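A.B. asks: Provided herewith is a single structure, encoded as structure tokens, for subsequent inquiry.
Any read-out appearing in this document is the output of simple, stated calculations on the displayed coordinates, not a laboratory observation. A quick note: this is a predicted structure, and the numbers were derived from the prediction, not measured. With ideal geometry, Cβ positions are generated from the backbone for all residues, glycine too; neighbour counts draw on all protein chains shown.
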2 protein chains.
Amino acid sequence: MSSRNSRKRILDAALDLITRRGEAAASMAEIAGAAGVSRQAVYLHFADRAALMLALVRHADEQRGLEREVRKIREASNAVAALREMVAVHARMNPGIWAAARAVDAVRRTDQAAERSWQDRLKYRLEGCRQLVARLHNEGSLRRGLDSSVAADLLWTLTSLRTWEDLVLERGWSARRYQTHVTALLLAGLTNAGN
Amino acid sequence: MSSRNSRKRILDAALDLITRRGEAAASMAEIAGAAGVSRQAVYLHFADRAALMLALVRHADEQRGLEREVRKIREASNAVAALREMVAVHARMNPGIWAAARAVDAVRRTDQAAERSWQDRLKYRLEGCRQLVARLHNEGSLRRGLDSSVAADLLWTLTSLRTWEDLVLERGWSARRYQTHVTALLLAGLTNAGN
DNA sequence: GGTAAACTTGACATCGTGTCAAGTACAGTC
DNA sequence: GACTGTACTTGACACGATGTCAAGTTTACC
């Protein structure tokens, strides 16, 4: 059963490679080399580059325990606490995810399968945002006069990987700084509490 | 003086091509073909793909009258009005800029010249955000307890092309919806006024 | 008519992706 | 101990894109 082993080794190597160098794209040959398999072996496990990148994101999610983190948000004692937790989860998880996500973002423009999977991911996160906004609404915390779908979209954008990238990678914010001020902005913009 | 003509024709064709198809990247050969010149002629005017893409963004800026729009922000009667105008400018300009900017964003990861130019652009916009925040501060409109540099970074992120992309392209917001709610969020998050 | 700049033509090197075919290593099975 | 299937390797190939080079052509200007 060397199959699963190779597959995992390829994903680990690719994740390591992409995460390590951040921006620069790793070629299939490099990934194969890093995993200690032939270039063709990669194609035995993944149809093409897009498929590998998609598997990579899922792999990164698993390794980081995404589900458990998401559960934490849902299990928060109230809506505002859930919102705080959501930002905290992003502050914790994004450093390990962004490189792989970036790679998919790059490939999705030419690959319809990658694009579909990307959209799925977006919808999934959007759904989480909707639920959180609904909870804010139910608890009377949603800013008066603010449409729920608008609030969900704003929450979704402000907790996106891109916003995180801008603030943390581009502007050099620490995880703590990111968490503090994005939370504050969301509380000020979406809830009644002025924080 | 066919030099400037060809250069302009190439830029026009490239902008048209990239804007039209949005996502998919246009090859040098396609751009040359669309401009009605040989592939090599493109290399006579632009050192490489990155140089072309950079020139493209500047070209798009000029065509859209970026400077005049930016001046409008500075000439607003007060800081809050300037903030409103800033979002309005983005709502107006981004549709014509984003495709070209996207192309540079894609190329900057492998090209240091593109990366530098991209950073210049970011700093320029950030400087505008800093000035606006300083003005808010001077006029006593900046939210109490909010650090100026934090406020500038938040303003910068919320008025970024990426945020615009998320809301308008991904979530299907109209320009008007974008302008209204991003402005409201900024007013709620960065100023004392509750909108 | 001569010259220089802009441009074309066609060839070429390089690199990355993806495919194909033949061979090897190593299970488990009779 | 041969038999077979699966995972994997090796090496070749087609394709498309970028970027370079050299030689020829057009055009405008003097």
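A.B. asks: State, to one decimal in nm and shortest first, how far the label point of A:Arg92 sits from each corresponding label point in the other identical copies (label point: 7 angstrom along Cα-to-Cβ).
C.D. replies: 4.6
A.B. asks: With only alpha-carbon atoms in the gyration tensor, what are the semi-axes of the equivalent ellipsoid for region B:1-81, in Å, largest first?
C.D. replies: On the way: eigenvalues 194, 40, 19 Å².
Values for region B:1-81, descending: 31, 14, 10 Å.
A.B. asks: Taking Cα atoms, how many degrees apart are the long axis of helix B:175-190 and the longest axis of chain B, rounded to 10 and kept between 0 and 90?
C.D. replies: So the helix axis and the longest Cα principal axis differ by about 50 degrees.
A.B. asks: Say the dipole of chain B comes from +1 at the beta carbon of Lys and Arg and -1 at that of Asp and Glu; which of B:His181, B:Val107, B:Ala13 then lies farthest toward its positive end?
C.D. replies: So the residue furthest toward the plus end is B:Ala13.
A.B. asks: Right, something else. When only Cα pairs under 8 Å and 6 or more residues apart are kept, what is the percent relative contact order across chain A?
C.D. replies: Here the relative contact order equals 19 percent.
A.B. asks: Another one. Across bins of 10 angstrom width beginning at 0, how are the C-alpha pair distances of region B:65-190 distributed, in whole percent?
C.D. replies: 12, 43, 34, 10, 0
A.B. asks: Tell me the Kirkwood radius of the protein assembly as shown: reciprocal of the mean inverse pair distance over distinct alpha-carbon atoms, in Å. Could you put the intermediate results ahead of the total?
C.D. replies: On the way: mean 1/r = 0.0443 Å⁻¹.
Result for the protein assembly as shown stands at 22.6 Å.
A.B. asks: When Cβ neighbours within 10 Å are restricted to other protein chains, what is their mean count per residue of peptide A:106-118?
C.D. replies: Details: counts 3, 0, 1, 6, 3, 0, 0, 0, 0, 1, 0, 0, 0.
The per-residue average across the peptide is 1.
A.B. asks: Starting from the Cα coordinates of region A:1-45, work out the convex hull volume and express it per residue in Å³.
C.D. replies: Numbers: hull volume 2.4 nm³, N = 45.
Normalising the Cα hull of region A:1-45 by residue number yields 54 Å³.
A.B. asks: Under 19 Å from a point 7 Å along the Cα-to-Cβ line of B:Asn138: which residues of region B:58-79 have their amide N that close?
C.D. replies: Zone members listed by number: B:70-79.
A.B. asks: Another question, if that's okay. When you have a sec, figure out the Kirkwood radius of region B:114-183 from all distinct Cα pair distances and drop it here in Å to one decimal? Intermediate values should be presented prior to the final figure.
C.D. replies: Values: mean 1/r = 0.0750 Å⁻¹.
Roughly 13.3 Å, rounded to one decimal.
A.B. asks: Next question. Applying the Karplus parametrisation 6.51 cos²θ - 1.76 cosθ + 1.60 with θ = phi - 60° to the phi angles of region B:158-164, what ³J(HN,Hα) value in whole Hz is obtained for each residue in order, glycine and proline being reported as x?
C.D. replies: 5, 9, 6, 5, 5, 5, 4
A.B. asks: Using a Gaussian network for chain A with springs between C-alpha atoms less than 10 Å apart, which of these wobbles most: A:Val87, A:Val57, A:Val168?
C.D. replies: Top of the fluctuation ranking is A:Val168.
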